[in-house]
Structures are given as structure tokens and as C-alpha cells.
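> The structure under discussion is supplied below as C-alpha cells; questions concerning it will follow.
Here, each number is a calculation from the coordinates, and none is a lab measurement. Since this is a predicted model, take the numbers as computed values, not measurements. Positions of Cβ are generated from backbone atoms using ideal geometry, with glycine treated the same way; all protein chains shown enter the neighbour counts.
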Amino acid sequence: MRKLPDKYFRIYNEFYLDYSKNNNIFRKLAFSLEVWFHLLTYKNYPNPQSILELGAGNLNHVKYEKNFKYYDVIEPKEFLINASDPFDRDKITNIYGNIRELPENKIYDKIISIGVLEHIEELDYVLEKISYKLTSQGKFLVTIPAEGEFLWWIGWRLTTGIAFWLKHKLDYGVIMRYEHVNTASKVIRLLNKYFKINFIKSFPINIRNFRLFIYISMTKK
């Protein structure tokens, strides 16, 4: 099992809350870029009956969705849900702590995952389960960082890495190695195993090693 050194473990929740709430100038700049894939995720399927968000964090995507009947989320970190805006929480139908808690008979028109798949150790298992939860005409919409590529590596070192060191005097690389267990290439390979990839867009350009974020739109195979 992965384990953080004690001095990192003691600040872990505080770090996560700061990160999710964009509590430094570098995170505010990063979030201005992240708005791009929140909007893409909404516009790619703007009128679903049902939505499932995998790894919803502090519910920072729900405000972008305008038309849905119910919106379920999976989020194992309860402290992030508790730190979310009550107005956003009121829009959520069900909150699950783990994918295994999803009712067997539930399926969704739109399943989304924003900055999550790089964190999941049992990624093959989770994607197989998700593939059964998507309706025949549904869409699985994913955004991931370009983990394992040069521009992403230099990008976090010069932004969040600096902010983390200034606040905690610790190496942010330890957090990154603990959190990001899957590279972008591995995530895309496993997505292709269970879904039909319709298109991939990247920011700023769709060239390996020169991208920060990767957006992937998929349907059932």
C-alpha cells in the first residue's frame, strides 16, 4: 500500500483543501485553464437525463451542468464534499464513497471524470465497471493531466511545486508520485480497451510532450 512520509501526511488534508479551493495564485491560474474542460464536458452533452461524476472532489463541476434529472457522484474523500458549496451539494442526488456502492441496476447517460483517472490504483477494474454503467447512447467524458509528458512535468514544477515549497518547505514531487499512479499513455490505453474513443483534444496543442491537459470523448464499444 502506498504511504506518505509523516511530515507530508500531517498536511495532506490541508493541502487537498487548498488545492481544491484554488487557495494560491498558481492554482487560480491553473483553474482559469481548467474552465476549458469543464465547459467542454458540459457542451459535449448538454441535456442528459442522468449524470455520474467519478471523483467529484468539492463539486466544482456541477455548476456547469444546466439540464439534468439526477446527478450522482463518487467521492471517497468526505472532507472535500463537506467543504463544497451547499448550493452545489443540493443539486446532487446521491453521494457514493466508492464505485462498489453503486446500485447494480443504475445506468447513466453521461459519465464524467475530471482530473481523477491518474489517481486510481485499480484503474482497469474501475473502467470495466464504468463501461457497464453507460447507456447505449451515452457518453463518457474524461479530462486528465498529461502525466508522464515533458510539458506537464515542467508545468507543475514551476507553479504548484513552487507554491507548495513556499508554504511547507517540502518537495511537491513526493505528493505527485504518491497521487499520480497512472501516466496519460496508460490511461488512454485502458480507456481504449473498454470504450470507443471518438476524439481527443489537448491543451495547448495535441502533440505528445507539449500538452498540459488531455480531453477524451467516448461512447460504448
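> Testing the spin-label approximation: label points 7 Å from Cα along Cα→Cβ at Tyr178 and Lys106. State their distance in nm.
The modelled label-to-label distance comes out at 3.0 nm.
> Report the label-to-label distance for Lys63 and Phe87 in nanometres (one decimal), using points 7 Å from each Cα along the Cα→Cβ vector.
Going by the 7 Å Cα→Cβ label model, 0.7 nm.
> Looking at the stretch 6-220, what % of its DSSP beta bridges pair antiparallel, to the nearest 5? Show your work: numbers first, answer last.
Numbers: 15 of 32 bridges.
The antiparallel fraction comes to roughly 45 percent.
> Order 77-87, 96-106 from most to least packed using the mean count of other Cβ atoms within 10 Å.
77-87, 96-106
> Next up: What is the calculated FRET efficiency for Thr135 to Asp6, with r their C-beta to C-beta distance and R₀ = 45 Å, to the nearest 0.05? Let's see the in-between values first.
Values: r = 46 Å, r/R0 = 1.01.
Step by step, r from the Cβ atoms, then E = 0.50.
> Shifting gears a bit: Run the simple label-point estimate for Leu39 and Asn98 please: 7 Å along Cα→C-beta, distance reported in nm.
Going by the 7 Å Cα→Cβ label model, 3.9 nm.
> Now, a different point. Of the listed pairs Lys3/Lys43; Lys129/Lys167; Lys77/Lys133; Lys66/Lys167; Lys63/Lys221; Lys7/Lys129, which have alpha-carbon separations greater than 32 Å here? The partial results should precede the final answer.
On the way: Lys3/Lys43 39 Å; Lys129/Lys167 39 Å; Lys77/Lys133 22 Å; Lys66/Lys167 37 Å; Lys63/Lys221 30 Å; Lys7/Lys129 35 Å.
Long pairs (Cα-Cα over 32 Å): Lys3/Lys43; Lys129/Lys167; Lys66/Lys167; Lys7/Lys129.
> Using the Kyte-Doolittle scale, which helices in the chain average at least 1.0 and also have C-alpha atoms spread 30 Å or more along the helix axis, with helices defined as whole DSSP H runs?
Helices meeting the span and hydropathy rule in the chain: none at all.
> A further question follows. Run the numbers on the chain and let me know its relative contact order in percent, using alpha-carbon pairs under 8 Å that are six or more apart.
Details: 347 pairs, mean separation 41.9, N = 221.
In percent, rounded to a whole number, it is 19.
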